[in-house]
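Have a look at the structure below, then the notes.
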Amino acid sequence: MKILVCISKTPDTTAKIAFTANNTKFDTNGVQWIINPYDEWYSLVRAIELKEADASIVIHLVTVGAADADPIIRKALALGGDEAIRVNADSHDSFYIASQIAEVAKQGGYDLIFTGKETIDYNGSSIGGMVAELLDMPYVSLATKFELGGTKATVTREIEGGEEVCEVNLPLVVSCQKGVAEQRIPNMRGIMAARTKPLKAVEPTSVDALTGIANFELPPAKAGVKLISPDNVEELVRLLKEEAKVI
Amino acid sequence: MSVLIFIDIAEGNVKKASLEALTYGAKVAEQLGTTAEGVVLGTAKDDLSSLGKYGVKKIHHVNNPSLDHLDAQAYTKAIAEVAGKTGAKVIVFSNNVDGKSVAPRLSAKLKAGLVSGAVALPDTSNGFIVKKNVFSGKAFANIALNTDVKIIALNPNAYKTTAGDGTAEVVSTDIAVDAPKVKVTAVNKVSGEVPLTEAEIVVSAGRGMKGPENWGIVEDLAKALHAATACSRPVADAHWRPHNEHVGQTGTAIAPTLYIAIGISGAIQHLAGVNRSKVIVVINKDPEAPFFKAADYGIVGDAFEVVPKMTEAIKKIKG
Ligand SMILES: Cc1cc2nc3c(=O)[nH]c(=O)nc-3n(C[C@H](O)[C@H](O)[C@H](O)COP(=O)(O)OP(=O)(O)OC[C@H]3O[C@@H](n4cnc5c(N)ncnc54)[C@H](O)[C@@H]3O)c2cc1C
């Protein structure tokens, strides 16, 4: 059994969001980078748990990015996983990235591919679906629970107002969110072991992006809060009804 | 040429988010000087012709029960076929559960550029540019779509539904449908509850509630407002509330018209998931809580006193 876990490098959740080059580029000045939380906390940890239950499972990590993504992938390897592949390319759009991952997946022959439900920077939630289509595999998105039984997976996924349980045969692509696993902190042994785990850089295949970023915008600032006395809660309700017109 | 809108059904009924997508798609069709058509997969209980009031002229119904549950692969194939038949140049989804699953697959299948999380109509004055949310609500990106066929997944609550007159012609479309590979074995829906992503009003509470046994007053307020309930991450982590209530950068991102935050400090990661709300009300006993900076209305006070009073006041005006 081989599992491929997709890892993305994203700005830290507290990073200041600003743009340069006439609002066409994200300003990376002073930005700390992290593993996309959905990739780290849910898909990677779930893959590690599966391997802990069945030592014959092999976990590969994949990222699409330049050499500056290496520290992020090492950090992921410190949590777990056997080896990592970095497709040496600047990311263009989701389709470009998904095509690179699909290529890696074709070479590696994986039974299971995990992604996070979205990245916290571009919020596309598209990589999993695109990879699944390019590989002609079933896709279960927004998983909140994942169990493996032989060559069959039982996945609980989010639906509007609840959850549903489904069964799918492998090979399969799954996007993971909260519920699938619990966040882990890498330990010293993991960090030491990660240093010597194989991290292979491969060149990208030639693919045309389908979209481009024209520019970025920041949302307008809020006007400021209107404070109401705790002894006058009726006034708040009146304002919500008559001024804001939201109830 | 047409604009094709995917109309998403749950237990036979059209989802609210799909009505937004319909209204939006009809507007895009008007912008491009073409007609809007819809596609429905699986069994439908609702009268589909009545969807004409949202501006759609024709509805292609693939009335095949094997499509009653979401299977992204089978859905993609069916929609691609209908899109081909209708010569669709723009395909619109809601960026909800089904949209997130199917739109990316369709994008890869048709090599059609995708904007997921769109928040506004396309700007067609110079090319085809769609605004979307990025950095978890902290910014917008204008995405240029250069492909012949374009796909837009519209964020829930980003575009207002408007209904006029008109009925749609419903055509039964008989296409070969793949047997679903994803077999749904159980559906656990909290009945009577407003789905979080579709809710107009969300009442959310944090660690300031002290413990799960105190959620009664939060639920009472939500009930009085017909609102959905949500919570901050530590509350879900501590299992005080189910994880599907967790909103924020690493939980669900929402954009209701009214978001009421009770005993939540307003950490940047929490704000990232709720800052698209139209109006934010904060109830917190600490006047320095960062959430007040992002709020429209605020009460500095003890939630255990303020919230029951608010529920009473709302019941009074609602009669
Ligand atoms: C990578 C990362 C991702 C994260 N993602 C998320 C996310 O998606 N969503 C999220 O919510 N958090 C997220 N967090 C956590 C976030 O940083 C905060 O820790 C969290 O939001 C705090 O939750 P809280 O406001 O409920 O609790 P606290 O910060 O403990 O705040 C409790 C608040 O309640 C108030 N209070 C106490 N008693 C009362 C009372 N009686 N009446 C009124 N008010 C009272 C206090 O004044 C305080 O402001 C993330 C953190 C990290 C590092």
Looking for something of a type in the set (Phe, Trp, Tyr), in contact with a strand residue (DSSP E or B) (Cβ under 8 Å, 6 or more places away or on another chain), assigned to a helix (DSSP H, G or I) and in contact (Cβ under 8 Å) with a residue 40 or more places away in the chain - is there at least one such residue anywhere in segment B:19-34?
yes
Does A:Glu182 qualify as being farther than 20 Å from B:Glu198 by Cβ, acidic (Asp, Glu) and more than 9 Å from chain B (Cβ to nearest Cβ)?
no
List pairs: first in segment B:178-206 and small (Gly, Ala, Ser), second more than 16 Å from the ligand (Cβ to nearest atom) and part of a loop (DSSP other than H, G, I, E, B), Cβ under 7 Å, 6+ apart or cross-chain?
B:Ala199/B:Ala227
For residues that are part of a strand (DSSP E or B) and more than 28 Å from B:Ile143 (Cα to Cα), scanning just segment A:73-101, find the one that is farthest from the chain's Cα centre (by Cα).
A:Glu83
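Residue by residue, here is whether (1) surrounded by 19 or more Cβ atoms within 10 Å (Cβ to Cβ); (2) in contact with a helix residue (DSSP H, G or I) (Cβ under 9 Å, 6 or more places away or on another chain); (3) modelled with pLDDT under 95 holds:
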| residue | (1), (2), (3) |
| --- | --- |
| B:Gly113 | yes, yes, no |
| B:Val134 | yes, no, no |
| B:Gly137 | yes, yes, yes |
| B:Asn146 | no, no, yes |
| B:Ala163 | no, yes, yes |
| B:Ala168 | yes, yes, no |
Residue set B:Ala80, B:Ala44, B:Ala74; condition surrounded by fewer than 22 Cβ atoms within 10 Å (Cβ to Cβ), at pLDDT 95 or above and either outside any strand (DSSP E or B) or within 20 Å of the chain's Cα centre (by Cα) (or both); output residue B:Ala80
Among (1) crowded, with 22+ Cβ neighbours inside 10 Å; (2) under 30 Å from B:Thr252 (Cβ atoms), there is one condition A:Arg86 misses while meeting the rest; what is its number?
(2)
Step by step: first the residues of segment B:277-289, then only those that are of a type outside the set (A, V, I, L, M, F, W, C) and within 30 Å of B:Lys160 (Cβ to Cβ), then the one that is farthest from the ligand (Cβ to nearest atom). Which residue is that?
B:Lys278
Evaluation of B:Phe292 against (1) more than 7 Å from every other protein chain (Cβ to nearest Cβ); (2) within 12 Å of the ligand (Cβ to nearest atom) (one fails), failing number:
(1)
Would you list the strands (runs of 3 or more DSSP E) that sit entirely within segment B:124-229 and hold 1 or more residues that are within 9 Å of chain A (Cβ to nearest Cβ)?
B:129-134, B:139-145, B:150-154, B:183-189, B:201-205
Of the residues B:Ala88, B:Ala78, B:Ala83, which is closer than 25 Å to A:Glu158 by Cα and in contact with a Leu (Cβ under 9 Å, 6 or more places away or on another chain)?
B:Ala78
For segment A:134-147, what are the residues that are more than 7 Å from chain B (Cβ to nearest Cβ) and either touching a helix residue (DSSP H, G or I) at 6+ places or on another chain (Cβ under 6 Å) or at pLDDT below 95 (or both)?
A:Leu135, A:Phe146
Of A:Val237, A:Val207, the only residue that is within 8 Å of another protein chain (Cβ to nearest Cβ) and either farther than 30 Å from B:Lys315 by Cβ or not aromatic (Phe, Trp, Tyr) (or both) is A:Val237
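Let's see how each residue does on (1) assigned to a loop (DSSP other than H, G, I, E, B); (2) within 20 Å of the chain's Cα centre (by Cα); (3) modelled with pLDDT of 95 or more; (4) closer than 22 Å to A:Leu4 by Cβ:
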position	(1), (2), (3), (4)
A:Glu163	no, no, no, no
A:Val168	no, no, yes, yes
A:Gly179	yes, yes, no, yes
A:Glu182	yes, yes, no, yes
A:Asn215	no, no, yes, no
A:Lys222	yes, no, no, no
A:Glu234	no, no, yes, no
For the structure I just gave you, tell me whether B:Leu4 is hydrophobic (A, V, I, L, M, F, W, C), at pLDDT 95 or above and in contact with an Asp or Glu (Cβ under 6 Å, 6 or more places away or on another chain).
yes
Could you list, in sequence order, all residues of segment A:188-200 that are surrounded by fewer than 16 Cβ atoms within 10 Å (Cβ to Cβ) and either within 10 Å of another protein chain (Cβ to nearest Cβ) or in contact (Cβ under 8 Å) with a residue 60 or more places away in the chain (or both)?
A:Ile191, A:Ala193, A:Arg195, A:Pro198, A:Lys200
Among the residues of segment A:13-41, how many are aromatic (Phe, Trp, Tyr), in contact with a Lys or Arg (Cβ under 7 Å, 6 or more places away or on another chain) and within 16 Å of the ligand (Cβ to nearest atom)?
2
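Yes/no matrix, rows are residues, columns are (1) within 11 Å of chain A (Cβ to nearest Cβ); (2) near the ligand (Cβ under 7 Å from one of its atoms):
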{"site": "B:Ala238", "(1), (2)": "no, no"}
{"site": "B:Arg241", "(1), (2)": "no, no"}
{"site": "B:Gly251", "(1), (2)": "yes, yes"}
{"site": "B:Ile262", "(1), (2)": "no, yes"}
{"site": "B:Asn275", "(1), (2)": "yes, no"}
{"site": "B:Tyr297", "(1), (2)": "yes, no"}
Subset of segment A:4-35, residues under 24 Å from A:Lys106 (Cα atoms) and part of a loop (DSSP other than H, G, I, E, B), comes to A:Ile7, A:Ser8
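Every residue, every condition in (1) away from the ligand (no atom under 16 Å from the Cβ); (2) within 14 Å of chain B (Cβ to nearest Cβ); (3) surrounded by fewer than 23 Cβ atoms within 10 Å (Cβ to Cβ); (4) part of a helix (DSSP H, G or I), yes or no:
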position: A:Pro71; (1), (2), (3), (4): yes, no, yes, yes
position: A:Ile113; (1), (2), (3), (4): yes, yes, no, no
position: A:Thr119; (1), (2), (3), (4): no, yes, no, no
position: A:Ala132; (1), (2), (3), (4): yes, yes, no, yes
How many of the residues in segment B:277-289 are more than 9 Å from every other protein chain (Cβ to nearest Cβ) and surrounded by fewer than 16 Cβ atoms within 10 Å (Cβ to Cβ)?
2
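The values are calculated or read from the model by the stated rules, or taken from the named source; none is laboratory data. As the structure is a prediction and not an experimental result, all values here were calculated from the model. Methodologically, a virtual Cβ is constructed for each residue, glycine included, from the backbone with ideal geometry; neighbour enumeration extends over all protein chains shown.
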